[in-house]
Structures are given as C-alpha cells and as structure tokens.
Amino acid sequence: MLSSDSPAVWERVPWRGCRAMLPRVNGVRFTRIRSSDLGRIELQGATMDRIKIIGGQRLEGSIPISGAKNAALPLMIAALLTSERLTLKNMPNLADVAILARILRNHGVDHSIEGKRAQPASPMGETYHLTARDIVDTTAPYEMVSRMRASFWVLGPLVARCGQARVSMPGGCAIGTRPIDMHLVAMKALGAEIDIDGGYIVARAPKGLRGGRIIFTKVSVGATHAALLAASLARGETVIENAAREPEIGDVALCLTKMGATIEGIGSSTLRIQGRDRLEGATHTVLPDRIETGTFAMAVAATGGDVVLEGTRRHLLDTALDALVATGAEVTDTENGIRVRRNGKGIEPLSIETQPFPGFPTDLQAQFMALMTRAGGTSVIRETIFENRFMHVQELARLGAEIQLHGDAATIKGVKRLTGAQVMATDLRASVSLVIAGLMADGETMINRVYHLDRGFEHLEEKLTGVGAQIERLTG
Ligand code: UD1
C-alpha cells in the first residue's frame, strides 16, 4: 500500500523479464500495486504538473502526428477476442493507453512494447504485442473502469470469448451523463442476458453470442465499437444499423477482418458482420490521429505561421479543415501530410455545429472556440453531441474571451487580445483549447491539472516547442 503523499514518477524499466511502467515515490520503486492505489499514485504524479506558456509566437516547421488514441483503445481491446498475438504498430504513448494496458493485463492479456522511440517527438509510434492466451478474470472493477470510459468496451469481447463478464459502469471525462443504454441494446441483440448488480453490468451468454440485428437510435462511437468487436466473435451474421462512421470504426473493422471476421459496409452506417467461432492474431497499423491533427491545425490558424503536419491525411477531417479555410487559413496537401498556413490575415468568424462523422467533430469544438475568441466578429458554436461540453468557456473567459452560453450554443464575440492568466484544465479536449488560447494570449498562461492532456496528447510540449512555441511543463 502506498503511504507517501509525494508525487509518483512513472518509469519504463526492466521487470520480471519484460519492460513495465512502474511508479517511483520518494526514490522507492513500487513493483506491487493494489488496484486501489492506482488512481492515487497517478493523480499524485500528474495533478502537480503545470504547463507554462508565453504567448505570441508564430508556429513554423513540422509536427509529426501520432497514431489515433480513439482507434488504439478499441484495437487493444480486440486482443481479448483471440488467443493469438495481436501486433499494433504506430501506437501513441499516452496515459489512456497505459491505463488500458493495465486493465487488460488484469484480464490476462500479456503486453510488451518494442520499438521505443529514439526521440520523444519522432513520428515512429511504438509497437505493441498483445496476447490473451487465457482470460484469467472476466471482471473489470470499478477502480479501473471509472478512470477511463472506453475500458467499459471490454464487456462485449469478454462475453463473446468467455460467455460472461462483470464490468463496472464507466467514468471518463465529465462531459455529460454519457449513458450506456445502447451498449446494452447491442449485447441483448447478440443474445446476452443483462443484469445490473451493485454498479456492475453482468452479462451472460453461456453458449456464446449469436449474430443479430442491432438498430441504434442515436449515433454512438462506443456502442458501434462494442457491437462490432462482439459480433466478430458471435455465431452467424450481425447487422448494425445507424452505426457511427468515424474513421476509427473503419480502422478497427479493418483489423477485425485481418483477424478473420468478414465485414461489409465499412465507412457506411450499415455494417454487416459474419462472425467467427475463433479469431486469429494479426498485425495492424493504427491510423493517424485526426483530433491531434485538427488541434495543431487550429493552433497554427490561431497564432499564424506555416506548419506541415506529417503522417496525417486530410480526408480524416475534411469538415474541420474546410472550417479553418473559411476562417482564413490555407490548407494544402503535401506528399506525407498537410500544410497549414495563416500569414498576416485576420481570423474570420464562422459558426459551426458539432455532428457525428463526417460532420464537425465534438472533439475539436473547444479548440475551434479558442480560435474564435480572436475572430474579427461574432460566431456561434452549437454542441449537439454532449450536453455538458462547455467547461472550457469559463477558463477561456479568464484570458479575456467574451462568450455567452445559452443551452447547447455558445456565442463568441471576437476580442482584439487575450491576456495570459492561471487556468484549470477540466477535460481532455477542453485542456488543449486552453493551450491554444495561451499560445495566442499576451504574456504568461499557467495551465493547472494537466493530467487530462496526458491522457490524449503525446509529447504535446515537445511537438509545440519544435515549431517555435514557448511552452514548458513544470513538474511537481
Ligand atoms: C467517443 C470518443 C470521444 C468522442 C465521442 C463522440 C473514444 C475513446 N471516445 O466517445 O472522444 O467525443 O465518441 O465523437 O473513441 N450515448 C447514449 N447511449 C449510449 C452511448 C452513447 O445515449 O449507450 C450518447 C452519449 O451520451 C452522447 C452520444 O451518444 O450524447 C455520443 O456518444 P458516443 O459516440 O458513444 O461517445 P463515446 O463513444 O463515449
């Protein structure tokens, strides 16, 4: 049991013949960690960190784009579906990925990492080998699932493989109530019996799952991932209607086809899956992170400058990039990515609303709002996906932004200047909007509680420093 209140430092070190992320507190390395300690040591290590930004620099150069977090997580969960090895290339080095690796290890997934990067901001991702030879535990406890919503998605694969699972109801970013009703609809359609017991979802299908027709009443990325993963190891055909079309769903579907499932309709809202009794191992490369791409593109549009985003693809975020162009930025394709420029011109106001893919992504809403705070006029941003995703508004106001909230809409009156201030990171995407605002602001901005950023942005400070930003992490 941890007893120190000092911050923990996480290190990747050799341990029992492999490499593991282990915490050191007050110089003592911990090799046995109870799950109840996990939240505490990670928070200790990260809540202390702050990010200091001196605004006003133009961004020039190139930034490598990492593998997509939102594909990496469900791809890791796909390892539960087979006793063979799943190799995932271009994995981003993120806190959420590390947390999920620990959760999967609890179920019996062997996990090793090769190809550690020579430089922190190198475009080469890490390669993960995941093998779930035997599932040793079908319970996903509250202490783990409450820390990352996507870990709830283990429910379907565990039932498909083992005939039962007991998974705590999820947590994650505090951006609304985020129900799980559609996940349960999907599991029932595949023949699972569902009970709720003490905050846990208990799912049983002693004879395994069977194909079925799943009709989603609302577009849900998570429920589509969960249904797709489970259906791949269910007997017979499953049809998913009103499926989410996010590129990460297509990436997972592609990996599942390599593992032996047959999936038609990839990229459309109707997916037809022929499940298999047994899935095989496979090797898959995670697609580039469109949210990271869009975030840096908006940072360049915000500060002015000329940056090449390497290793990404425009079609992953056409709507968001079109919006940037409408605000006065230039976006062009390069051989291996995209180039974003804004030289001299002011920022034009533009009203947008968030929509499921291919619409404007909710995960870029906060960043776009940061950009609009300096536009030469008024814009309106409507958030249609999550009901409580405006927590960045009060923090942006601390820098001098003028934003009025009314229901699901925010009206932003562009101001001539923002001024650096102390702000608090509230959720993952909101946090990075504060980074963009800090880069635009005069003087010093200090962002507290940056552990949210570490969940989804790999080497953020290094990548931004590399293109001329004045940004540094203050540890402890
Ligand atoms: C995923 C992404 C997240 C992104 C979101 C929307 C990952 C790891 N996370 O989250 O970054 O912001 O998609 O693009 O990929 N809903 C229900 N019932 C359900 C499930 C969802 O009503 O059973 C609702 C949610 O409350 C929300 C909407 O559906 O209003 C969309 O949520 P969903 O697409 O499921 O988001 P996540 O998968 O959690």
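Would you please state which residues of region 393-426 a label at MET446 would reach in this model, taking the label point 7 Å out along Cα→Cβ and a backbone N cut-off of under 12 Å? Within reach of a label on MET446, which here means backbone N under 12 Å from a point 7 Å along Cα→Cβ, region 393-426 contributes 421-424.
Counting only residues at least eight positions apart within a chain, or on another chain, the lysines with an alpha carbon under 22 Å from that of LYS188 are LYS207, LYS218. Under 1.5 on a/c is rounded, so check that first for region 69-285, then, if it is not, pick prolate when a/b is larger than b/c and oblate when it is not; a ≥ b ≥ c are the square roots of the alpha carbon gyration tensor eigenvalues. Cα axes put region 69-285 in the rounded bin.
Explain nothing, just the number: dipole magnitude of the chain about its Cα centre with +1 on each Lys and Arg Cβ and -1 on each Asp and Glu Cβ, in debye rounded to the nearest 20.
On the way: 55 positive and 51 negative charges, 153 e Å.
Around 740 debye, computed over the chain.
Under the rule a/c < 1.5 gives rounded, and otherwise a/b versus b/c splits prolate from oblate, where does region 324-476 land using the Cα gyration tensor? Verdict is rounded for region 324-476.
Our coupling estimate for region 84-94, obtained by passing each phi through the Karplus curve with A = 6.51, B = -1.76, C = 1.60 and θ = phi - 60°, is 8, 7, 9, 10, 10, 9, 6, 6, x, 8, 10 Hz, Gly and Pro reported as x.
Computed on the Cα atoms alone, the convex hull of the chain gives a volume of 132 cubic angstrom per residue. Extension gain, GLU462-SER112: 0.36 nm per intervening residue step, less the Cα-Cα distance, totals 123.5 nm. Computed from the C-beta positions of ARG204 and GLU241, the FRET efficiency with R₀ = 25 Å rounds to 0.50.
Given axes a ≥ b ≥ c from the Cα gyration tensor, I'd like to know whether region 164-246 is rounded (a/c under 1.5), prolate (a/b larger than b/c) or oblate.
On the way: a/c = 2.21, a/b = 1.13, b/c = 1.96.
Note, shape of region 164-246 comes out oblate.
Could you list the trypsin sites (Lys or Arg not before Pro) in region 413-476 that lie in coil according to DSSP, counting only those with at most 11 other Cβ atoms within 10 Å of their Cβ? Loop-located and lightly packed - LYS416. Entry note, region 69-285: relative contact order of 20 percent, from Cα contacts under 8 Å with a spacing of 6+ residues.
For GLN394 and LYS258, the FRET efficiency from 1/(1 + (r/R0)^6), where r spans their Cβ atoms and R0 equals 35 Å, is about 0.15.
How much length would be gained if the chain were fully extended between ILE196 and THR334, taking 0.36 nm per residue of separation minus their Cα-Cα distance, in nm to one decimal? Don't skip to the end; give the middle numbers.
Values: separation 138, 0.36 × 138 = 49.68 nm, distance 5.13 nm.
Roughly 44.5 nm would be gained on extension.
Label sites at ARG133 and ARG278, each approximated as a point 7 angstrom past Cα along Cα to Cβ, lie 1.6 nm apart. Give the calculated FRET efficiency between SER268 and SER351 to the nearest 0.05, with a Förster radius of 45 Å applied to their Cβ-Cβ distance. Efficiency computed from Cβ-Cβ geometry: 0.95. By the helix-only formula, in which each DSSP H run with n ≥ 4 contributes -39500 (n - 2.57) and the sum is divided by residues, the chain has a 222 nm mean residue ellipticity of -9000 deg cm²/dmol.
Values in this text are rule-based calculations from the coordinates and carry no lab data. Since we're looking at a predicted model, the values are computed, not measured. We place every Cβ from the backbone using ideal geometry, glycine too, and count neighbours over all the protein chains shown.
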